[in-house]
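Visitor: Supplied in structure tokens, the structure appears directly below.
The values are calculated or read from the model by the stated rules, or taken from the named source; none is laboratory data. Bear in mind that the values here come from a model prediction, so they are computed numbers and not experimental data. All Cβ positions, even for glycine, are placed from backbone atoms using ideal geometry, and neighbour counts span all protein chains on display. Please note that ligands, DNA and RNA were not included when accessible areas were found on the heavy atoms of the full protein model with its side chains. Shrake-Rupley method; radii C 1.70, N 1.55, O 1.52, S 1.80 Å.
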Amino acid sequence: MRRAAVAIAAGAMAVSLAACGSAKESGDNADSTGSAKKGDDIKVGLLLPENATARYEKFDRPLIQKKVKELTNGKGEVVYANAKQDASTQNQQVDTMVTNKVDVLIVDAVDSKAIAGSVKKAKDAGIPVVAYDRLAEGPIDAYTSFDNETVGKTQGEALLKALGDKAKDGQIVMMNGSSTDPNAAQFKKGAHSVLDGKVKIGREYDTKEWKPENANSNMEGAISALGKDKIVGVYSANDGMAGGIITALKAAGIADIPVTGQDAELAGVQRIVTGEQYMSVYKPYPQEADVAAEMAVALAQGKSLDSIAKDKVDSPTTKAIPSVLVPVVSLTKDNIKDTVIKDGIYTVSEICTGKYKAACDKIGLK
């Protein structure tokens, strides 16, 4: 199943950037003319939302930088800034990128609505914008992410599988992501489509800024309200929050209940190895990063996105945005070797450090 999913994603990315002409826009998208005749000597602005989640600095940034270099014969430059979870800071970073006359922007928005004015400012300056991972509002030219409702469904299905008959009798806690992140709403929608009617949701939270400490506080509140003997599982929208949730569960003396996650962070994978966390959603970042770089370079060089983006999505402000959605994989202790290790995300030695070695040996991770 996983190989088929990767093959599909790889097929979506097997693109040629040789086509000429203006970037094809549709719906509310205006023409991108600021960099229409650029060659390989381009400047790509990359704005990521925060650095608390391991993926952004470990994977997204270096992968995009590497792909831009490959696509531009080593001549393209990536100008990078991280907003550290502050929407105002990110808007200022867009202003700086516009002032510095980058040829294209890749933006992973802290707040999808708050960024809209800055996206328009870039567009008015002739700078096309690629929405990365989160669908920002405003006149976006292209978008790549994962199928976020499918992420939520994958988490929900895994949780129901882990619960088995306990789903009929107990209650779960739902720990969703930040209300300012449009992805969080899609994860939640996908999870509810699977969980509703199958298990009782005792408490549900939207977790401010996705912070593990906020998830920890929410979980403490849920335990107090529901009683520790009534909770049979926890839907956690990502691995960082899962860490905070599991800390609260341990403090209350609750063990051996399934907790979901997302992002396949190293700490999350290690918790899966030990059984503290049931699963995560592995999102193949190299594929997503490659697509974003391909879109950005094509737009900066005034080329068409037709061969890259076969799909269209709508945001609240812009219709028919050229898009690529990359498939995801449910990661459990049974397929660690065939996913994050096989893809070079982590090595066995990185996962199976001292205190995890015995658990790794037990599941055949050597």
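Visitor: Among the listed residues Ala81, Ala114, Ala87, which satisfies the condition of being aliphatic (A, V, I, L, M) and under 22 Å from Glu288 (Cα atoms)?
Guide: Ala81
Visitor: For segment 145-165, indicate whether the set of residues that are within 26 Å of Gln287 (Cα to Cα), assigned to a strand (DSSP E or B) and touching a residue at least 40 places away in the same chain (Cβ under 8 Å) is non-empty.
Guide: Yes: segment 145-165 contains one or more residues that are within 26 Å of Gln287 (Cα to Cα), assigned to a strand (DSSP E or B) and touching a residue at least 40 places away in the same chain (Cβ under 8 Å).
Visitor: Of the residues that sit in segment 41-54 and are open to solvent by 40 Å² or more (accessible area, probe 1.4 Å) and not hydrophobic (A, V, I, L, M, F, W, C), which one is farthest from Lys113 (Cα to Cα)?
Guide: Among those residues, the one meeting the criterion is Asp41.
Visitor: Follow-up question, since we're still on this one. Taking Asp40 as the residue in question, decide whether it is at pLDDT below 95 and more than 20 Å from the chain's Cα centre (by Cα).
Guide: no
Visitor: Here is a further query. Could you look through segment 133-150, keep only residues that are among the acidic types (Asp, Glu) and open to solvent by less than 10 Å² (accessible area, probe 1.4 Å), and pick out the one that is nearest to Thr53 (Cα to Cα)?
Guide: Applying the filter and picking the extreme gives Asp133.
Visitor: Report, by residue number, each residue of segment 225-247 that is more than 21 Å from Gly156 (Cα to Cα) and among the aliphatic types (A, V, I, L, M).
Guide: Ala225
Visitor: Still on this structure, I have one more. Quick check on segment 204-228: of everything there that is more than 26 Å from Val110 (Cα to Cα) and modelled with pLDDT of 95 or more, which residue is least open to solvent (accessible area, probe 1.4 Å)?
Guide: By that ranking, first place goes to Ala222.
Visitor: I've got another one for you. Hey, among the residues in segment 339-362 that are open to solvent by 30 Å² or more (accessible area, probe 1.4 Å) and part of a loop (DSSP other than H, G, I, E, B), which one's farthest from Gln287 (Cα to Cα)?
Guide: This residue is Thr353.
Visitor: Taking segment 299-331 only, how many residues are open to solvent by 30 Å² or more (accessible area, probe 1.4 Å) and at positive phi?
Guide: So the count comes out to 0.
Visitor: Which strands (runs of 3 or more DSSP E) does segment 236-336 wholly contain that include 3 or more residues that are free of Cβ contacts under 8 Å to residues at least 40 places away in the same chain and aliphatic (A, V, I, L, M)?
Guide: Result: empty, no element qualifies.
Visitor: Let me ask another. Here are some residues: Ala7, Ala12, Ala18. Which one is at pLDDT below 50 and surrounded by 15 or more Cβ atoms within 10 Å (Cβ to Cβ)?
Guide: Answer to the check: Ala12.
Visitor: In this structure, does Ile336 turn out to be surrounded by 19 or more Cβ atoms within 10 Å (Cβ to Cβ) and either within 18 Å of the chain's Cα centre (by Cα) or within 11 Å of Tyr282 (Cα to Cα) (or both)?
Guide: yes
Visitor: Scan segment 207-230 and tell me whether some residue there is free of Cβ contacts under 8 Å to residues at least 60 places away in the same chain, closer than 26 Å to Lys84 by Cβ and not in a helix (DSSP H, G or I).
Guide: There is at least one residue in segment 207-230 that is free of Cβ contacts under 8 Å to residues at least 60 places away in the same chain, closer than 26 Å to Lys84 by Cβ and not in a helix (DSSP H, G or I).
Visitor: Still on this structure, please answer the following. Hey, among the residues in segment 164-194 that are of a type in the set (S, T, N, Q) and open to solvent by 20 Å² or more (accessible area, probe 1.4 Å), which one's modelled with the lowest pLDDT?
Guide: Only one residue tops the list, namely Thr180.
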